[in-house]
1. Do you know the relative contact order of the stretch 1-126, to the nearest whole percent, from alpha carbon pairs under 8 angstrom that are 6+ apart?
2. Towards the positive end of the charge dipole of the chain, with charges on Cβ (+1 Lys, Arg; -1 Asp, Glu), say which of Met200, Ala2, Pro108 has the farthest Cα.
3. Could you derive backbone 3J(HN,Hα) for the stretch 59-76 from the dihedral phi with the Karplus parameters 6.51, -1.76 and 1.60 (θ = phi - 60°), listing whole Hz in sequence and x where the residue is Gly or Pro?
4. Hey, can you find the accessible area per residue of the stretch 1-77 for me, probe 1.4 Å, expressed in square angstrom?
5. Largest first, how would Glu21, Glu198 line up by accessible area (1.4 Å probe)?
6. Between the stretch 87-147 and the stretch 60-77, what is the separation of their alpha carbon centroids in Å?
7. Just the number, please: carbon plus sulfur as a percent of the accessible area of the chain, 1.4 Å probe, no ligands or DNA/RNA counted.
8. Hey, could you grab the Kirkwood Rh for the stretch 97-227? Inverse mean 1/r over distinct alpha carbon pairs, Å, one decimal.
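The values are calculated or read from the model by the stated rules, or taken from the named source; none is laboratory data. All values derive from a computational prediction rather than experimental measurement. With ideal geometry, Cβ positions are generated from the backbone for all residues, glycine too; neighbour counts draw on all protein chains shown. To get the accessible areas, we keep the full protein, side chains included, count just its heavy atoms, and leave off ligands, DNA and RNA. Shrake-Rupley method; radii C 1.70, N 1.55, O 1.52, S 1.80 Å.
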Amino acid sequence: MADVALRNISKRFGATEAVRELSLTINDGEFLVLLGPSGAGKTTTLRLITGLEKPDAGSVMIDGRDVTQDPPGSRDIAFVFQQYSLYPHLSVYDNLAFPLRSPARRVPEPIIRKRVEQTADLLHIASKLNNRATRLSGGEMQRVAIGRALVRDPSIYLMDEPLSSLDAKLRAELRLELKRIQLELGSTILYVTHDQVEAMTMASRIGVIRDGRLLQLGTPREIYESP
Ligand code: ADP
Ligand code: ADP
């Protein structure tokens, strides 16, 4: 079980009100897409959930617990960015294993191996495990980046335009795969994008954000059939 509730959060940077009194619940097992133009406050909202930013007002609840003042590292959240952030000199296998190899986790190697192989299968990169990250195509690199989040099996995924650097064909392919994986694993995902097609294809619900405010919230159908 994992859910996130934002209660009336606001965040200002100097004169810019990046997020204004925003309330939103991401339900367990839901694929919620936050859709809005550049500068709408999407990334700030994600950073408020991770704890990388503290809100000026309002609270962040995870699984019913107020985590607003907790340090960022204490939350069981994985973040996938637009930039791949892979270790170029490591193999795909070791890139995927990396999050599990932190001394704090002490995951035994056979378990790491199993999880890495399962994740690679899920993302169709099992044949690339021995390649260096630099020898991959853009689409493969993005799969590895997504895999690094999946391998940890976090309770919540935050994704910030993870497909926007890919060409249209790959984007379409990975949209469907991400949706399939989310359904298969029952993951809770908050995905931000400015791309309406992404929102339409993947979301169980869409939140429309502009100027730091949540303007609409509903199923893709409700959003696109509303006047
Ligand atoms: P989006 O992700 O929707 O493009 P952001 O959340 O990145 O929007 O930004 C929302 C607004 O807050 C923008 O006007 C942006 O310039 C501003 N902003 C975001 N982060 C900072 C920061 N660290 N310092 C100053 N302004 C910021
Ligand atoms: P061994 O082959 O002796 O069992 P290890 O399991 O220690 O060796 O793995 C040696 C290297 O190969 C390590 O860098 C490990 O991360 C990597 N590795 C392990 N399993 C795989 C795999 N299925 N595909 C690619 N690399 C792997």
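1. On the way: 138 pairs, mean separation 26.3, N = 126.
After rounding, I find 21 percent.
2. Comparing the listed Cα positions along the dipole, Pro108 ranks first.
3. In residue order, the calculated couplings are 9, 10, 10, 10, 6, x, 10, 6, 10, 3, 9, 6, x, x, x, 7, 9, 8 Hz.
4. Heavy-atom SASA per residue in the stretch 1-77 reads 45 Å².
5. On the way: Glu21 130, Glu198 5 Å².
Correct descending sequence by accessible area is Glu21, Glu198.
6. 27
7. 50
8. In the stretch 97-227 this quantity evaluates to 16.3 Å.
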